[in-house]
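What follows is calculated from the coordinates using simple rules that are stated; it is not laboratory data. The shown structure was predicted, so the numbers you read here are calculated from the model rather than taken from an experiment. Neighbour counts run over all protein chains shown; Cβ positions are idealised from the backbone, glycine included.
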Amino acid sequence: MVLRERTDYEVTREDRRFVGAHLFVAIVALSVGSLFGPLQAFEWSGLDLYGLLEPIGLGDYYKGLTIHGVLNALVWTTFFITGFLTIVIIKGLGRPLRYPKLNRIGFWTMVIGLVMAAIPILMGAATVLYTFYPPLEASWAFYLGLTLVVVGSWIEGYGFYFTMAEWRKDNPGTRSPFIVLAALITMVMWQIATLGVAVEILTMLLPAALGITAGTDPELGRTFFWFTGHPLVYFWLLPAYVSWYGMLPAQAGGKLFSDSLARLAFWLFLLLSIPVGFHHQFVDPGIPIGWKYVHAALTYGVAFPSLLTLFTVVASLEYAARKRGGKGLLGWIRALPWGNPVVSAQLLAGILFMFGGIGGITNASYNVNLVVHNTAWIPGHFHLTVASAVTLSFFGVSYWLIPYVTGKPLWTTRWASFVNWTWFIGMLIFSNAMHVLGLLGAPRRTPLGEAPYVPEEWSGHLFRMSVGGAILFVGVVAFVVVAARTAFQKSRFAEGEGVEFPIAESIHDPQDTPEWLDRFKPWIIGTIVLVALAYGPQLIEQIGNAAYNSPLISP
Ligand code: HAS
Ligand code: CU
């Protein structure tokens, strides 16, 4: 009795289509959003191509940056994640969704929200970047659209909970399958985390945009935003971890090293993802230093489950490689199935994330943050995390998931490998240049091509950055081609062929995992208590002092 995940359950055609619809929206968003990446990179090295987009009204640096951030960081991720987690729940539990209609309502709510937010962005009525800090003003439709995307994702989450509850009833005393537990923890964390931005939009931004209130309180708005904004990055990361822990070991030919450690890491993410938001506000006035230190310390805490992940995932990979005949202290790495693009995408994503993680820990120190805050270092950091650890892993997942939901073979292994290596090399160049530029003082979110103060010293790095950006662009175009040609080709898998749903067995029987690692209640209570302690006093004070008198300003 080791494998409790029911891989034998046949997913219905409708469910495959439903998951496929998520992937479709995600990849369309990624395609459009990625057009604007290289435009920014080129602008920094003095090649301004925005003029080319002027005739269709997209020739503005900040509009482009908003589209890039919203589509790539928010839409590509959220749609991919909800689709991926849906199939994880269905296959992990080996049963259909309890209320498939509910999940469909969630999906369509997200789609309607996306359209509502996209229209004002394209019209230039929401040029507020992906953080939409007040007092920058966006059209009410933008705020309402984002709210609907979040609400839709909640509804899909409720659909998961109902499905799990039914499984629990049928399987008393059995440990829940790891990938399902991990997917549910991700959703629960997300639902608590998004309360911040929900309050920000509903009590502050929407009323001000509709003219009901005279203005907003920018400081309080930022505090609400980062209550959600930091855990948002773990909402992106954790589904990649679902794959790294729960699938990659099998894809590499081995097993998960420790089921208990894997669960512990996810619980720690639930506990620690939220009460760290002030590490984005170290330079904000109005938040006492003591509270910034508390959040800095907790940020070191939330790095810990990633260090656990580094240990457990690499141990699982080593186990797989040695089984394949790998030898030596590090020589085993060569024995991993690098030729399989599903695997190499995740390995390369993990390698890039080691650098991204080091940068994150650097950001988190209160004093060093003063050097890097608001510089190019920060986009350097998040391209190694959300655009590498997460996005490149999602590419790897797509290489089996698109064939899985469409019944069509991957087009082709070689092209997919090309995507992975292009992304890896492009990102090394791009992110390194950004980190160096940041240390030299180059500001983020600035059209440097037009800035009069750019010193000669930056120019080599600006150029390197645009070379990296160009390589990344080739990579993402190749990815979209691979995805589209796979999904829309005529040929299908022959009878008896197809993709197996990858679920890694654990070396130890999951039933031996202690029960406290399989129970939601204590962890949710702990999370609420910790969030209340770390945010409560400041929220009370800031809300008490709030003055909604800063009028919104349309840029
Ligand atoms: Fe961050 C800013 C701190 C992780 C994203 N971060 C950002 C922003 C974004 C972002 C988008 O404390 C900018 C927001 C904005 O627009 O202003 N971040 C951290 C810390 C971590 C961290 C401590 N960030 C992430 C992740 C993100 C992300 C993950 C997206 C997905 N970040 C900050 C701070 C700021 C910040 C400050 C504010 C800066 C400022 O001044 O504005 C940690 O979670 C990192 C821990 C990670 C590790 C790495 C472990 C390595 C692993 C690799 C395993 C290897 C494998 C491969 C599988 C310790 C797990 C093996 C391969 C073989 C071949 C064997
Ligand atoms: Cu953060």
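For region 280-335 versus region 194-232, the inter-centroid distance based on Cα atoms is 31 Å.
Sorted fewest first by neighbouring Cβ atoms within 10 angstrom, Leu310, Leu97, Leu248 come out as Leu310, Leu97, Leu248.
Close amide-amide hydrogen proximity is noted between Leu136 and Ile553, each under 5 Å apart and 5 or more residues distant or on a separate chain (H modeled in the peptide plane; Pro and chain starts excluded). Apply the membrane-span-like helix rule to the chain: whole DSSP H runs, Cα extent along the own long axis of at least 30 Å, mean Kyte-Doolittle hydropathy at least 0.5. List the helices found. Span-like helices, by this rule, are 13-44, 100-122, 289-323, 341-364, 413-440, 456-488, 520-544. A simple rule links phi to the HN-Hα coupling: the Karplus curve 6.51 cos²θ - 1.76 cosθ + 1.60 with θ = phi - 60°, which for region 496-509 gives x, 9, x, 9, 7, 6, x, 10, 7, 6, 9, 4, 9, 4 Hz, with x for Gly and Pro. Give me the net charge for the shell around Trp377: Cβ to Cβ below 14 angstrom, other residues only, Lys and Arg +1, Asp and Glu -1. Net charge in that neighbourhood comes out at +2. Taking every alpha-carbon pair under 8 Å whose residues sit at least 6 apart, the chain reaches a relative contact order of 20 percent.
Under 15 Å from the Cβ of Ala73, count the other residues' Cβ atoms, weight Lys and Arg +1, Asp and Glu -1, and hand me the total. My count for the surroundings of Ala73 gives +2. Distant-in-sequence amide contacts of Ser506, defined by a placed amide H-H separation under 5 Å and a gap of 5 or more residues or a different chain, comprise Leu256.
Cross-link reach is defined here as a Cα-Cα straight distance under 20 Å, omitting same-chain residues fewer than 8 places apart; for Lys292 the aspartates and glutamates meeting it are Asp217, Glu219, Asp284, Glu541.
Within region 298-349, which trypsin sites (Lys or Arg not before Pro) sit in a loop by DSSP and count at most 11 neighbouring Cβ atoms inside 10 Å? Mind dumping the intermediate values first?
Details: sites: Arg322, Lys323, Arg324, Lys327, Arg334; in loops: Arg324, Lys327.
Answer by residue number: Lys327.
With θ taken as phi - 60° and the Karplus curve 6.51 cos²θ - 1.76 cosθ + 1.60 applied, the whole-hertz 3J(HN,Hα) list for region 211-216 is x, 6, 10, 6, x, 10 Hz, x standing for glycine and proline.
Please arrange Glu515, Glu450 by how many other C-beta atoms lie within 10 Å of their C-beta, fewest to most. Spell out each step's value before the answer.
Values: Glu515 8, Glu450 11.
Taking fewest neighbouring Cβ atoms as first place, the list is Glu515, Glu450.
Checking the cross-link pairs Lys63/Lys101; Lys91/Lys169; Lys101/Lys521; Lys255/Lys327; Lys327/Lys408; Lys91/Lys327 against a 25 Å limit on the alpha carbon distance flags Lys63/Lys101; Lys101/Lys521; Lys327/Lys408; Lys91/Lys327 as lying beyond it. When each of Leu401, Leu144, Leu205 is scored by the number of other beta-carbon atoms lying within 10 Å, the sequence from fewest to most is Leu144, Leu401, Leu205. Helices in the chain, meaning DSSP H runs of at least 4 residues, each add -39500 (n - 2.57). Divided by all residues, the mean residue ellipticity at 222 nm is -22000 deg cm²/dmol. The string of couplings for region 444-454 from the Karplus curve (6.51, -1.76, 1.60, θ = phi - 60°) is 7, 6, 9, x, 5, x, 9, 6, x, 9, 5 Hz, one whole number per residue in order, with x for Gly and Pro. The Cβ shell under 15 Å around Val294 holds other residues with a net charge of -1, Lys and Arg each +1, Asp and Glu each -1.
Taking a ≥ b ≥ c as the square roots of the eigenvalues of the alpha-carbon gyration tensor, region 15-544 is classed rounded because a/c is under 1.5.
Distances between placed amide hydrogens fall under 5 Å for Thr375 paired with Arg444, all partners being 5 or more residues away or on another chain.
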